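Chemist: Have a look at the structure that comes next, please.
Bear in mind that the values in this text are calculations on the coordinates, not laboratory data. Computed from a prediction, not measured in an experiment: that's the story for all the values here. Backbone-built Cβ (ideal geometry, glycine too); neighbour counts: all protein chains shown.
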Amino acid sequence: MPIGEFGGAPRLPLEGSPAFSTGLYWAYEMGQAALHPARAFADVTRLYFKNPLNPLTHTTLGKSIAAGMEVFERSTRRYGKPDWSIDSTLVGAERLPVRVNVVWERPFCRLLHFERVFDHAPRRPQPKLLIVAPMSGHYATLLRGTVEAFLPNHDVYITDWIDARMVPLAQGRFDLDDYIDYLVSMLHLLGGDCHVIAVCQPSVPALAAISVMEARNDPYVPHSMVLMGGPIDTRINPTGVNLLAKERGIDWFRRHVITKVPFPHPGVLRDVYPGFLQLNGFVTMNLDRHMDAHKELFFNLVKGDGDSAQKHREFYDEYLAVMDLTAEFYLQTVETNFIHHALATGAMTHRGEKVDPSTIRNVAMLTVEGERDDISGVGQTEAAHRLCINLPTSRRAHYLQPEVGHYGVFNGSRFRAEIAPRIGDFVLSNNNRSRAAPSPAPLREHAA
């Protein structure tokens with residue numbers, strides 16, 4: 001997470017110069033503008049050498065030029081937010097249309113509901129799932145596979161975090177406390193009759209939000225929570241990216257990765273951790289692998305292997321689409337989770353109120369980890385069980401998925417075949433409380 005899911009520490013050429021980050025975003029925008037003519041030329045050249053009327057199109061030279069132009073254009077473009085592209089799902093043997101509706105909205109987040117249009121009431125229970133997507137650089141669409149896996153048997157909602165550069169400065173700040181407030185507000189909207197799945201980074205604020213609600217005897221806590229590959233206690237089996245926060249210290253991050261959004265973006269002058277720096281961290285962590293993937297794309301295009309090339313496009317259209325984070329959220333999260341380990345040590349607070357997971361008594365908990373996770377080490381998520389000491393053992397479980405890394409915890413074939421069914425069973429077995437579920441409450445908002 002901050003360093004793992006936030007993309008690692010970027011490699012800055014002028015490390016040691018606080019002034020460097022001040023104009024960093026502006027320099028990036030000018031660089032993007034300067035590349036526009038080159039990208040346009042590359043696109044025109046690619047089309048020229050793919051024209052069937054051009055005799056060179058069918059030669060190795062022509063195919064190589066077209067492939068090179070596509071790789072160049074894709075490597076230098078700015079990727080926008082991907083579409084969900086979820087139009088239907090299979091429920092039983094019936095294909096149902098899916099509508100994506102906004103049911104709750106604040107300046108920095110929208111709550112999306114994937115509404116399945118039934119012709120008749122489903123036979124089996126369809127528990128509500130609130131999937132809390134990471135606010136760590138990538139858009140919520142990174143969890144498209146997660147949503148698709150649960151749609152056949154669940155009523156799915158997901159947090160759709162907003163790119164900070166698109167939020168005007170007049171809309172105010174957004175920090176970790178606001179994140180927790182947002183989650184509490186969403187749970188109130190759902191009336192407590194739901195289950196929370198926190199994927200990676202949100203494991204900490206989700207656990208904190210439910211702890212705060214339980215301490216208040218809030219009747220709208222969810223039936224259960226599933227924490228997946230989250231940094232609950234990064235002192236356990238720390239990964240290289242976890243240790244980086246300790247080595248650098250919060251002042252380094254404040255001086256070197258925080259910059260202001262430039263004109264003409266709506267969030268002009270907002271302090272952010274920009275997406276392009278996060279992307280730098282994502283890519284440099286596995287630079288050789290990404291270079292090999294683009295070489296493979298080139299050769300697949302030359303060979304005419306359209307299926308393999310399309311798989312590459314789909315993956316990188318998602319992977320290279322990144323969003324800015326507010327500076328206050330990023331820095332508070334790094335300091336709270338990765339430097340002070342505040343939740344694990346009992347020092348975390350929310351609006352001056354102690355966050356105490358031992359208050360959790362009514363919300364069942366499942367933790368899920370990947371055996372080869374190089375972002376959140378094995379044991380970091382399981383640590384939640386040592387914090388929730390008053391939760392009965394009959395209402396908690398842990399699962400370690402063999403042979404998967406961080407991404408495989410929430411996506412891919414093993415997730416669909418082994419992890420998602422276990423989560424579905426856990427959710428269904430905890431879908432009824434011993435007490436009657438209350439009716440939806442009015443939303444409780446923290447005064448700005």
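Chemist: Round to the nearest 10 and give me the degree value, 0 to 90, for the angle of helix 203-215's Cα axis relative to the longest principal axis of the chain.
Modeler: Orientation of helix 203-215: about 20 degrees from the principal axis.
Chemist: What distance in nm separates the two pseudo spin-label positions at residue 428 and residue 305, each 7 Å out from Cα along the beta-carbon direction?
Modeler: So the two model labels end up 4.0 nm from each other.
Chemist: May I pose another question? Ranked by Cβ crowding within 10 angstrom, fewest neighbours first, how are 128, 295 ordered?
Modeler: Listed from fewest to most nearby Cβ atoms, that is 295, 128.
Chemist: Give me the net charge for the shell around residue 126: Cβ to Cβ below 11 angstrom, other residues only, Lys and Arg +1, Asp and Glu -1.
Modeler: +3
Chemist: Can you tell me the length gained on complete extension of the stretch residue 294 to residue 30, counting 0.36 nm per residue apart and subtracting the Cα distance?
Modeler: Roughly 92.5 nm would be gained on extension.
Chemist: Still on this structure, please answer the following. Which of the peptides 176-182, 348-354 is most tightly packed, and how do the rest follow, judged by the mean count of other Cβ atoms within 10 Å per residue?
Modeler: 176-182, 348-354
Chemist: Mind checking the angle between helix 176-189 and the chain's longest principal axis? C-alpha axes, 0 to 90 degrees, to the nearest 10.
Modeler: With both axes taken from Cα atoms, the answer is about 70 degrees.
Chemist: Can you list residues whose amide H is under 5 Å from residue 367's amide H, if they're 5+ apart or on another chain and H is modeled 1.01 Å from N?
Modeler: 227, 397, 398, 399
Chemist: Another question about this same structure. Please report 271, 374 as a ranked list, fewest other C-beta atoms within 10 angstrom at the top and most at the bottom.
Modeler: Listed from fewest to most nearby Cβ atoms, that is 374, 271.
Chemist: Considering only 101, 42, 368, whose Cα is most displaced toward the positive end of the charge dipole of segment 1-434, charges sitting on Cβ of Lys, Arg (+1) and Asp, Glu (-1)?
Modeler: Sorting the options by dipole projection puts first 42.
Chemist: Choose one of 426, 31, 206: the residue whose Cα lies farthest towards the positive end of the charge dipole of segment 1-434 (beta-carbon charges +1 Lys, Arg; -1 Asp, Glu; about the Cα centre).
Modeler: 31
Chemist: Explain nothing, just the number: dipole magnitude of segment 1-434 about its Cα centre with +1 on each Lys and Arg Cβ and -1 on each Asp and Glu Cβ, in debye rounded to the nearest 20.
Modeler: 260
Chemist: What's the exposure ranking of 25, 79, going from fewest to most Cβ atoms within 10 Å?
Modeler: Ascending Cβ contact count within 10 Å gives the list 79, 25.
Chemist: So which aspartates and glutamates can residue 50 reach, going by Cα to Cα under 20 Å and dropping same-chain residues fewer than 8 places off?
Modeler: Reachable aspartates and glutamates: 70, 73, 296, 305, 307.
Chemist: I need to check one value: relative contact order of segment 286-423, counting alpha carbon pairs closer than 8 Å and at least 6 residues apart, in percent.
Modeler: 17
Chemist: Residue 117: net charge of surrounding residues, Cβ under 13 Å, Lys/Arg +1, Asp/Glu -1, itself excluded?
Modeler: Local net charge: -2.
Chemist: By how many degrees, 0 to 90 and rounded to 10, does the Cα axis of helix 420-429 deviate from the longest principal axis of the chain?
Modeler: 20
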